[in-house]
1. Mind pulling the angle between the C-alpha long axis of helix A:1153-1164 and the longest principal axis of chain A? Nearest 10 degrees, somewhere in 0 to 90.
2. Determine the dipole magnitude for region A:508-660: charges of +1 sit on the beta-carbon of Lys and Arg, -1 on that of Asp and Glu, nothing else is charged, the reference point is the Cα centre, and the result goes in debye to the nearest 20.
3. Under a plain spin-label model, where a point goes 7 Å from the Cα along Cα-to-Cβ, how far apart in nm are B:Q229 and B:C21?
4. Kindly identify chain B as rounded, prolate or oblate by the Cα gyration tensor criterion: order the square roots of the eigenvalues as a ≥ b ≥ c, call it rounded if a/c is under 1.5, otherwise compare a/b with b/c, prolate if a/b is larger, else oblate.
5. Lys/Arg Cβ at +1, Asp/Glu Cβ at -1, dipole of the protein assembly as shown taken about the Cα centre: which of A:N259, A:L778, A:L13 is farthest positive-ward?
6. At a Cα cut-off below 22 Å, give the lysines reachable from B:K262, other chains included and same-chain residues fewer than 8 away excluded.
7. Work out the length of the dipole vector of region B:1-137 about its Cα centre, built from +1 on the beta-carbon of each Lys and Arg and -1 on the beta-carbon of each Asp and Glu, and round it to the nearest 20 debye.
8. Give the B-A buried accessible area in Å², both sides summed, 1.4 Å probe, nearest 100.
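The values are calculated or read from the model by the stated rules, or taken from the named source; none is laboratory data. Worth saying up front: this structure is predicted, and the values here are computed from it rather than measured. Note: ideal-geometry Cβ built from the backbone for every residue, glycine included; neighbour counts use all protein chains shown. When the accessible area is computed, the model is the full protein with side chains, heavy atoms only, and any ligands, DNA or RNA have been set aside. Shrake-Rupley method; radii C 1.70, N 1.55, O 1.52, S 1.80 Å.
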Amino acid sequence: MAMNNNYKDLEELVTHHVDSYDYMVDRGLEVMLDNIKPLKIHDSFTNTSLSHILVINLINPRLYEPQKEQGSTKRGALLPFECRQAKLSYTGRFEADVCFQYQGRAVIREKINFGHLPIMLKSKLCHLRGADPQKLTSLKEEAAEMGGYFILNGLERVVRLLIMPKRNYPMSMVRSSFRDRREGFTDKAVVIRCVREYQSSLIDQSSVTVKLHYLRNGSARLGFWIEGREYLLPAGMVLKALVDTTDREIYEKLTCCYNEKYSKVKGAVGSELVAERAKIILDEVQDLSLFTQHDCLQHIGEHFQPVVDGLENETPSNVAHTVLKDYIFIHLNNYDDKFNLLIFMLQKLFSFTDQTSAPDNPDSLQNQEVLLPGHLITIYLKEKLEDWMRKAKKLVQEELGKKNNFNFLAVQDVKKVIDKNPPTQIGLAVENMLKTGRLATQSGLDMQQRAGFTVQAERLNFLRFLSFFRAVHRGASFAGLRTTSVRKLLPESWGFLCPVHTPDGEPCGLLNHMTCYCRVTSYFDSQGLVKDFFDIRKSILNVLTGLGMTSSLPKLVQPGPPQVLSVLLDGRVVGFIRSSEIEKVVAHLRRLKVLAPSLIPGDLEVGYVPLSIGGAYPGLYLSTSPSRFIRPVRNLSISSEGGRDIELIGPFEQVFMEIRCSDGGNGGRSDTFPATHEEIHPTAMLSVVANLTPWSDHNQSPRNMYQCQMAKQTMGFSLQSLPFRADQKLYHLQTPQSPIVRTSAYTKYNIDEYPNGTNAIVAVLAYTGYDMEDAMILNKSSVERGMCHGQIYQTETIDLADESSRSGAAQKMFKRSNIDKSLHSLIDSDGLPYVGQKIHPNEPYCSVYNEVTNTTRTNNRKGSDPVIVDYVAVDTKNKKYLQKVNIRFRHTRNPIIGDKFSSRHGQKGVCSQLWPDIDMPFSGTTGMRPDLIINPHAFPSRMTIAMLLESVAAKGGSLNGKFVDATPFAGSVKKSKGEEINSEPESLVDELGNMLKSHGFNYHGVEVLYSGVYGTELTCEIFMGPVYYQRLRHMVADKFQVRATGAVDQITRQPIKGRKRGGGIRFGEMERDSMLAHGAAYLLHDRLHTCSDYHIADVCSLCGSVLTSSFIQPQKRAVRDIGGLPPTSNASKRVTCHACQTSKGMETVAMPYVFRYLAAELASMNIKMTLHLNDGLEA
Amino acid sequence: MDGVSYQRFPRVKIRELRDDCAKFELRDTDASIANALRRVMIAEVPTIAIDLVEIEVNSSVLNDEFIAHRLGLIPLTSERAMGMRFSRDCDACDGDGQCEYCSVEFHLRAKCRDDQTLDVTSKDLVSSDHSVVPVDYSDPSDYESSEQSRGIIIVKLRRGQELRLRAIARKGIGKDHAKWSPAATVTFMYEPDIHINEDMMESLTIEEKKQWVESSPTKVFDIDPVTQQVKVVDPELYTYDDEVIKKAEAMGKPGLVEIRAKEDSFIFTVESTGAIKASQLVLNAIDILKQKLDAVRLSEDTVEADDQFGELGAHMRGG
């Protein structure tokens, strides 16, 4: 096929997954290890001399490619397809060096094996990295394999992208829960989620959220969490502890934002109250009689000494330094920077309480970023390693306490003790985290949720698979929330999250999908090199100072807005720019972003919040950080020659930018705010899946939503590497087609490699009534010719080693019984089925021989449909006998009545009849019979005009022999310069209609049809044309549930429930009510009694008990009968009442068996139930 | 049974006759007969098609059922079909439907031994009966194309893949499965009767005439270049879409043209799949229709007769 056989565009859709993992491999792990605090162990028992202090730290992490390992010998590369088939995990060995250093001696390095870490597919350590489609197919992968997921126990799992609060940005928030913190708190606070950075801007991804609460008395408290407890410090104390300064200076710094002259001017944030509050803050500290930095540090240190572990022996001021370093504004290393940021936050808080600035919305994408797989693994790994180190210390100390011959000075001895807590557990812990999506952690990692971090990437069809990588979840904690405000579609997410592609129902609005152009920033620059944030920031600062920014120096007091705006670079107050110049600076920065990426990185977010009256707090917020959303737009100030005008913008800056649509108009913009940017194409606001709906701009919007959901449950061409897969369930369409009507995204993303439907000739008419209420009639002959044929591939994995380990050490193997020859037609001599063999329900498909008991057992097929053995794969690895097999079954799933189909416009329907060809209406001129008939009532209320357009266009397209482009919003794109504007007015309908007309068809797409049954002309013309139809995975064969008689419940003798076990469908209370309402007493009796637990009980009329009846032994009677006497009436009764010791009063009564059970249950509680019998005549 | 005779004598006029296509007029009858003929042609004229496939080796990319289904859809030359027995009625073989009277055996052996993809086509099917072979669509008059045309592709094999199977073709009808349908398309239309109101037409300007003529998507009318008069070129191209009538009304000239469908006159188009010749298809259909009518007539006399029609019984029971 002459397709563009490179999958660049597809690969780009998952780069955020792969890049984040690559960074972890390249640098992230090393940075993370550096950030783990070295262990210090004192041998306090034997000696206190200096040489008895041991420092242990980890360095030099090494992660290896997945290898087949056996003990320590490597046996070559472990490939992903092998993992999938053998249900293994695609993991690579993870090692690091432990450095032991006794004080004053040389460092001793020891290699330590931390087990295996899962390797992301197509990451730097994956064997598929850089392989071209040809190579990939030779490695038994998809030609279009994109990677980005993990293989764990043979299952493909993706890390779910989670929304996180934007890092290093102080956000003002109102939350009523803040008020309940402690007495005197208000509901207002400024919150900042800081991500740890150390030395030259190395980021290890762990974050600590700091909250600055506003108190009713005008003061502020700085809140942060240590080990699951929240601590609140007076803001003044922290300020003083950070910098050795005077109260005067703090006062000046805090109050600089207020100037009487500008108090009513636009953009003023301060008020006269600020001065009072500053005084209160300072007085608070004074009241505690803390005057100097030293006093404050001492106070903090004493307070936290028992809380922070490992610092029991440190001086209070050291403890205080640790707290300041590790818990307060951890993204900054410099105390001056922390001080400045706290001042800034206080000012923002005060302005926010004075309502001179508005609160930030934490639900808006503006204040959000995303959690990437590499980052999640890094922080989790860090936590696990820290735990391990802590445990190691405990173990060594315990050993020291034991006073045995443990030599503290011998590294080998120490290592042996440390190894008691096996380090390989760490790899396992990470693997388990990815397997279950659950974090097993004490601290919570500053995360809102504990579970749901990973999901299985089902390959139901390609679109579903793709969507897993593009999905962004708001967080599990929001799913249970009663309020719906988090689910709202906010204008801030324009261009980043698709407004159409979200499921309806429970996760609506929480599970969003990124638009097709949306990307996530990474640690790699455009050349693929790891970014050096130190250099980047330095370069940005140079540019800024060149543009007239005054740097923030410790002693310098600057006025606040509206004269001067603070500049924050990644949460650090770097300086101030005069508001008169800021616009110029921003414009210049944006130009440099595009034109000089070496100076200013292309993905820098220039978050310029302009001065406003009561709007967002003004300032210039620059961020270079990774894991921000970005998307490309055109910068109009740069000429579009050579496509060099593409600027990457983020959701924070977008809100304050003027971006116009690319239709050539100004979008109703006033001249005071001319557009500075332009969208690339209107379809950029849609996700990949939403982009595939033809002419979605002509549909009612909920229909497009439904289509996005249904596209993901379509039974399509899920995989090309089908023979090498062992997925539990795979749906497969036998003869898929490429849609005649398609959008530009279809070609861009090579969806032709994974087509999802069939071009069916659809007639819209009410024919025979079998197409009422969204039912549809299929042409039986079309189906017989192969339309919508499909299969389900289902793999059964049988691992005998697993089974035998569970049930003792009995050696089991696959073998068929030589005695029972009846199985030989189904099972081959190796105990496994013949490939191509048809197996009916309850027939055996493999036979297992147990050596110990010398018995063979067969595994029988469950389910209700016959299957065909498609494939048998055996694991021949180093075992005497076969132990592990994959048997893949093929279920044929050709369309039958009850199967679900849908067009690409949210028009789903169920097949209600399969009419033969001759009964379908036919066209007099062409003789065409439709493949499918749907009811015209499907259209008026749903308004899926695009489906009608598709029908007409596909008809024209097939007559022309050309595919028709159905990209939505094509009319809203500026015509390229060549085309005149005169040709504009021709509408889409006109274009399509004339195409039909030129081929001798009706302009409106209708045709005269004749009844297939009578041969007479139908009274009206019928709209007919090809529409791309998808077959949905919901099929009756998997769902039908019928029974007449069958299994019953042991206790109640009522029919059991559950389709799998052959149970019935409950005839419940509401059904009972309706029967009663109809007076259908016989039917009710039939359902609830005769067909349920009908029972004839023997009741003793004397004592009225149902329970005391007992059977008389028949032998006794037999002995008595010998005499030849006629049997007495007594003797003929086989039952007798045990209580009355007679059978005189025994009667039979029909009753539900549960009633008898109820009597027994009551009896067990010492309640007797008595029945009074009469024959109904007296009553 | 006395009374007025409603007997009609339908006439057939053949217009065009090719192997795969026939066009004829059917006159002096009504829609029920025309439609019955159409339905019989599609669903009840027997052909031979592969019905049972025993796969020995299949290492191709397509699964067994897929290949079996594809084989079934290959049209086989079925001139013999009318004389053959249905397997279910065959008494020569004991029910397995594999005797020479009711079945034809096919073999297919293909293995790809070189690096080039091997196309397994219908030509690779080896028949046990020379009269029942896959339909050859290549034009015998064209030497060059017949070299290239390799029949209907069943599956493509790459190096090392193999397909070996035995297939049994049986007689059947399209009602049972579409693969037995000999007709690709059978359609008929009522012959249109077009009357142009010449006086009114003359009141139109040449420009209006042109517009009116062009309003029909098919070229039913044309303007005589000499006389400037609108004339009917080909009434049968008219699709009853009423476009010209609507146009006339829109122009303020209702009744400009009057179009009626002749209730007793039909134009048939029959396209064959190639299994039997289009002409034979029509004849066979008429035969079967007659047999069915005979069955109706007979069953009127004797109730028991129902079971005695042999192959016709199936037709009757089925419909």
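1. Here the helix axis deviates by roughly 60 degrees.
2. 120 debye
3. Reported label-point gap for B:Q229 and B:C21 is 3.3 nm.
4. Numbers: a/c = 3.31, a/b = 1.52, b/c = 2.18.
Oblate shape, in that a/c is at least 1.5 and b/c is the bigger or equal ratio.
5. The residue sitting farthest along the positive end of the dipole is A:N259.
6. Correct list for B:K262: B:K13, B:K23, B:K219, B:K231, B:K246.
7. Working: 17 positive and 26 negative charges, 178 e Å.
Computed about the Cα centre, the dipole is about 860 debye.
8. On the way: alone 18210 and 53130 Å², together 68540 Å².
Roughly 2800 Å² of accessible surface disappears when B and A pair.
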